[in-house]
Each structure stands twice: as C-alpha cells, then as structure tokens.
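The values are calculated or read from the model by the stated rules, or taken from the named source; none is laboratory data. A quick note: this is a predicted structure, and the numbers were derived from the prediction, not measured. Neighbour counts run over all protein chains shown; Cβ positions are idealised from the backbone, glycine included. The protein model used for the area step is the full one, side chains on, heavy atoms only, and it has no ligands, DNA or RNA in it. Shrake-Rupley method; radii C 1.70, N 1.55, O 1.52, S 1.80 Å.
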Amino acid sequence: MILLLERVHPDAQSILEAADAVELVEDLAAFDPRSYGHGVRAVVTRGRGRVDRAMIAAFPDLQVVARCGAGLDNVDTRAAAAAGVAVVHAPGLTTSAVAEHALMLMLSLSRRVVEVDGAVKAGRWNVRDGFESIELRGKRMGVVGLGAIGTRLANFGRMLDMDVVCATRRQRDADVERLDLDELLATSDVVQLCVPLTESTRSIIGEAQFFAMKPGALLVNTSRGAVVDHVALADALARNSLGGYATDVWDTEPPSADDPLWSDDRVLVTPHVAGLTDVTYREICIRPAEAVSAILAGIAPDLRWVYRPPHDES
C-alpha cells in the first residue's frame, strides 16, 4: 500500500496507483499510523504531513518516503536512514516559481498593493490622495542565501536596477557582492530570505537582527517560517522599525487564526503556495511519484530525486 498524507497532482496519483494500492489520509489530525501496521510500503507527503520517527517505526514494510516538494524539514531523514528507508523529493524544480513569488511579494509590499486594492473595492478611490509607495529602482536588495533561488532573485533585482548584495556560506564564484549578515541587514532596503531551514538558520532573523536592520526596511521570506523569530518580528513592527513583512511561510503551518500579526496591514501572507504553479506543481509531484514507483518495483530510481544523507545521518 502507498499512503498519501495529502492530495497530490492527479497525474502523480495515477503513477502511484499503477504501482500499488493507494489510500488517502482524509484527516491528518486524527491520523494514527499504528492503525495500519504491516503493508504500508510507501508514504507520500507534501508540506503538512509530517513523517517522523514514530511513523517510520510503525510501518515495518516501509521502503520509501516521498516528499512532493524540495525541502525535507517535515521528514525525519535520520530515522529513515537508520531504518534503511529511501527518501525521495523534488529538489531544484521550484526555483523559478519561488523566485517569481518572492519578486511578487517584494513588489506587492513596496507598492502597497493589498492595501490599495482593498480600499478601491471598498469604494475609496480617494485612497490615491496623498498616496506614496516605495520605488525599488536604486534601492539595495540583500539576499540571504545565494542558492539557485537566491541567484535567480538577484538577477530579478538587477533587472529592476537595484543594488544587489548577498550573505551566503556557499563557496562559489558569483558576481554578487558578498557581505556579512550584519552589514547586509544594516544597509539593505529589502531583505530576501532564501535559506533552507537548518539548526543554524532557525531564527536567523531574531531580536538582534531586527535591531540591526535599516529603519523602514522590508523583509520577504520564501524560506521557512521558523527562520524568523515571530516574537521579535511583532516587536519590530510595534516599534515601527520594520517597514513590512511579506511571507509565503509561517511557523507553524497552518497558523493560528487569532495570531496578532494578522491585524497588521504591513504583514502580507500567502499560504505556502510559491511552488504551486500550473507548471511546477505537476512536476514536483510526478518526479517523486516516479521514484516511488521504481523503488517499489525493485528498479533503480533517477538519482536526481533521491535524498543522499550526509555521513552523520547514514
């Protein structure tokens, strides 16, 4: 059996159904993996369904865990490696979609799009009287994390005639000026977060970093919600030192409906949809599904989609 913790693209589901019987978990909140036991050979998740050590241990026949997406922060890769369970995902396929989304969030925040759209639809065309937004031309964009998404975003910034700098641990040749994080925060008008969630990046933007930021700067997050300390974020907004926060991610997801940040017009949130485009959503579901099908059939999968753990996990 292949267990789906969330719905996937229909084309991917067809691939999985050709490999084995497929069952969808209808209610994740009530889901108890111990009720399945033997027979579950694969678990497929997107972003909400968490595959932890207990779930892996509950399925003695488990051969593969698939994440229809790039990040693996909702999969216990150490537990999978210890149990001899393969992990497959879709790295690199969301680069263009996420970079476009980050660009959209930056433009929407700087031009106050949501605010003026709401005003016009409420019959207040006069919102334009005395209106002023931020033009990005000539402003500095600081990209934190210069991987594939950060690099694409840096190119977008240059197209807007922005001064682009980066803070990155990657040792790579790049034509983007490299600064340490403190200097980037102190001098950037827009900060774009493009780092993976690891122990070293968790709360990478916290109280000290918000105090270090240029007054009125905009912060955009298409990384993971936990890279930003939300208590420190709320404080920075309350002090009016942060110009605005636009994000596609939250800590935790889905967020609480009574989160006090919802009432702040300077906070713009999309529900983790940056990679869910007409092109990318299908692809990030199909590639892991194909890898699952191959593994269950005893065929070597395409190694591009197979997670290779570092030495300390294997």
Worksheet item: Within the chain, what percent of beta bridges assigned by DSSP are antiparallel, to the nearest 5?
Response: 5 percent
Worksheet item: So, in Å, what gap is there between the alpha-carbon centers of region 87-106 and region 14-37?
Response: 27 Å
Fill in: the chain - mean residue ellipticity at 222 nm from DSSP helices (-39,500 (n - 2.57) per run, n ≥ 4, rounded to 500)
-9000 deg cm²/dmol
Worksheet entry | Sites matching GluC sites (Glu not before Pro) across region 11-85 that sit in DSSP coil, with at most 14 neighbouring C-beta atoms within 10 Å | 26
Discussion item. Quick check for you: with a 1.4 Å probe and neighbouring chains kept, what is the accessible area per residue of region 168-225, in Å²?
Written reply: 52 Å²
Discussion item. Can you classify region 29-185 as rounded, prolate or oblate using the Cα gyration tensor, where a ≥ b ≥ c are the square roots of its eigenvalues, rounded means a/c under 1.5, and otherwise it's prolate if a/b beats b/c and oblate if not?
Written reply: oblate
Worksheet item: By its C-alpha gyration tensor, with a ≥ b ≥ c as the square roots of the eigenvalues, how is region 196-314 shaped: rounded for a/c under 1.5, else prolate for a/b larger than b/c, else oblate?
Response: prolate
Worksheet item: Counting only protein chains, not ligands or nucleic acids, how are 124, 308 ordered by accessible area (probe 1.4 Å), most first?
Response: 308, 124
Worksheet item: Expressed as a whole percentage, what fraction of the accessible surface of the chain belongs to carbon and sulfur atoms when a 1.4 Å probe is rolled over the protein heavy atoms?
Response: 50 percent
Discussion item. Treating only the Cβ of Lys, Arg, Asp and Glu as charged (+1, +1, -1, -1), what charge dipole size does region 164-314 show about its Cα centre? Round to the nearest 20 debye.
Written reply: 380 debye
Practice prompt. Please sort by residue number the GluC sites (Glu not before Pro) in region 84-144 whose DSSP state is loop and whose Cβ has at most 11 other Cβ atoms within 10 Å.
Written response: 132, 135
Worksheet, complete the sentence: Taking a ≥ b ≥ c as the square roots of the eigenvalues of the Cα gyration tensor, with a/c under 1.5 meaning rounded and otherwise prolate when a/b exceeds b/c and oblate if not, region 190-231 is oblate
Discussion item. Along the Cα→Cβ direction, 7 angstrom out, place labels at residue 299 and residue 78. What is the inter-label distance in nm?
Written reply: 3.5 nm
Item to complete: Identify which of 272, 38, 89 has the largest mean-square fluctuation in a Gaussian network model of the chain, with springs joining Cα atoms closer than 10 Å.
Response: 38
Worksheet item: So what's the gap between the Cα centers of region 51-67 and region 270-314, to the nearest angstrom?
Response: 16 Å
Response to the item:
The local net charge around residue 279, scoring Lys/Arg +1 and Asp/Glu -1 for residues other than residue 279 whose Cβ lies under 14 Å from its Cβ, equals -2
